[in-house]
Amino acid sequence: MLLIHCPYCEEDRSELEFRWAGEAHIARPENISAISDEEFAEYFFLRNNEKGLTYERWRHIHGCGRFFNAARDTVSDRFLMTYKAGMPKQMLPETGASEETVETYEATEGDAR
Amino acid sequence: MADYGADLVNRTSPLSGFHGGSSTVRLEAAPPAERISLRARAEDVAALSSALGVDLPVRPKTSASANARSALWLGPDEWLVIAEENGGLMQAAKNSGALHSATDVSHRNTAILVSGPGAAAAINAGCPQDLSLKVFPVGACSRTVFGKVEIVLLRTGDEAFRMEVWRSFSDYAFGLLAEGAQDAAV
């Protein structure tokens, strides 16, 4: 079972208590009624869906109920860091976390023969 | 006269008539209690604490008990306050004069008292939290999951827990606890 560190409860809790809440650090346009449809679509619908390191919002919905931010590797599913909502985007500490993603089996199976 | 339909005069506990447990776990439906869901800012905690007669805890996973009332930390600005005897929680919160949001959830929740040497094992049948005394000491409380329902768990003794659960889920929670109790006795 995946353990996720909640920055409000200050301990690791089971993934069963959490819900994913989309990409983090998306700023709502201040002049939202003035922007074009394309700009609105960019803000509202389009997400980067990056492979590897992503910044996401998570919610400890069956715990303290708080939203927080997490840096997660979408390939290895590893949580690299979590921090409180409202904080600026945190850089990963140099030790431990690697920017390189883990190769999946699907990605390498074609070359294996 | 024959018994027609619901008894509308006497209040019935959602868990009345439920039996379960094993040689190491005792399961009981808790007596009715008054409960409020309380939301408040950090600067209003002191006023609310003195009005309620129990100090609202500000550390995660902690609770406080005084004057037959318990205050359970659920989130940074959220508490569950339970009064087992002297009620009047809504009025007490109102008398504090502090800005807050209080909702009476006395009838939304019911509670199951789980005790005995196998109590933690029975709860762990459906709850992912570490219930060892080191990590979850007496007085610790947490909102968490139990099987597929949400609960609030409070440790009242070394081998005793109070499980707060929504009344419509209590049937399921009691049933899963009864199965956990059987497994804990094996």
Quick one: Debye curve from the C-alpha atoms of the stretch B:36-120, no solvent, what's log10 I(q)/I(0) at q = 0.13, 0.21, 0.26 Å⁻¹?
-0.40, -0.96, -1.41
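Quick check for me: using +1 on Lys/Arg Cβ and -1 on Asp/Glu Cβ, what's the dipole size of the protein assembly as shown about its Cα centre, in debye to the nearest 20? Let's see the in-between values first.
Values: 29 positive and 42 negative charges, 209 e Å.
With only Lys, Arg, Asp and Glu charged at Cβ, the dipole is about 1000 debye.
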I'd like the Karplus ³J(HN,Hα) series for the stretch B:137-148: coefficients 6.51, -1.76, 1.60, θ = phi - 60°, whole numbers in Hz, and an x wherever there's a Gly or Pro.
x, 4, x, 6, 8, 7, 7, 7, 10, 9, x, 10
5 angstrom amide H check on residue B:140, placed H, neighbours 5+ away
B:155
Amide H contacts of residue B:147 (H built 1.01 Å from N, under 5 Å, at least 5 apart or other chain)
B:126, B:127
Between the alpha carbon centres of the stretch B:62-104 and the stretch A:1-39 the gap in Å comes to 30
Nitroxide proxy distance, nm - points 7 Å out along Cα→Cβ at residue B:19 and residue B:132:
3.7
Over the stretch B:90-186, what relative contact order in percent results from Cα pairs under 8 Å that are six or more residues apart?
33
Show me the GluC sites (Glu not before Pro) within the stretch A:23-53 that DSSP assigns to loop and that have at most 15 other Cβ atoms within 10 Å of their Cβ.
A:30, A:50
Under the Karplus curve 6.51 cos²θ - 1.76 cosθ + 1.60, θ = phi - 60°, whole-Hz ³J(HN,Hα) for the stretch A:55-66, x wherever Gly or Pro sits
9, 10, 8, 10, 10, 7, 5, 9, x, 7, x, 7
Taking the Cα centre as origin and putting +1 on Lys and Arg beta-carbons and -1 on Asp and Glu beta-carbons, what dipole magnitude results for the stretch B:104-157, to the nearest 20 debye?
40
Quick one: A:20, B:79, fewest Cβ neighbours within 10 Å first, how do they rank?
A:20, B:79
Per-residue ³J(HN,Hα) for the stretch B:120-135, Karplus 6.51 cos²θ - 1.76 cosθ + 1.60, θ = phi - 60°, Hz, x for Gly and Pro:
5, 5, 5, 5, 5, 4, x, 10, x, 6, 6, 9, 5, 4, 6, 8
So for the stretch A:3-92, considering every pair of alpha-carbon atoms, how many percent are separated by more than 18 Å?
48
Compute the distance from the alpha-carbon center of the stretch B:150-186 to that of the stretch B:7-56, in whole Å.
14
For residue B:11 and residue B:104 in the same chain, what is the full-extension length gain: residue separation times 0.36 nm, less their Cα-Cα distance, in nm?
31.7 nm
Kirkwood Rh and Cα Rg combined as Rg/Rh, the stretch B:20-79:
1.11
Over its alpha-carbon atoms, the protein assembly as shown yields an Rg and a Dmax in Å of 23.4, 83
Stretch gain in nm, segment residue A:25-residue A:41, where the contour uses 0.36 nm per residue and the Cα spacing is subtracted
4.1 nm
Once fully extended, how much extra length lies between residue A:76 and residue A:2, figured as 0.36 nm per residue of separation less the alpha-carbon to alpha-carbon distance?
25.5 nm
Against the longest principal axis of chain B, how steep is helix B:170-184, in degrees 0 to 90 to the nearest 10, with axes from Cα atoms?
60
What residues qualify as long-range amide H neighbours of residue A:74, i.e. H under 5 Å apart, gap of 5 or more or another chain, H built at 1.01 Å from N?
A:52, A:53, A:54
Quick one: compute a quarter of the convex hull surface over the Cα atoms of chain B and quote it in nm².
12.0
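The numbers here are math on the coordinates, done by the rules we state, and not lab data. Just so it is clear, the structure is predicted and the values come from calculations on it, not from any experiment. Every residue, glycine among them, receives a Cβ derived from its backbone with ideal geometry; neighbour counts consider all protein chains shown.
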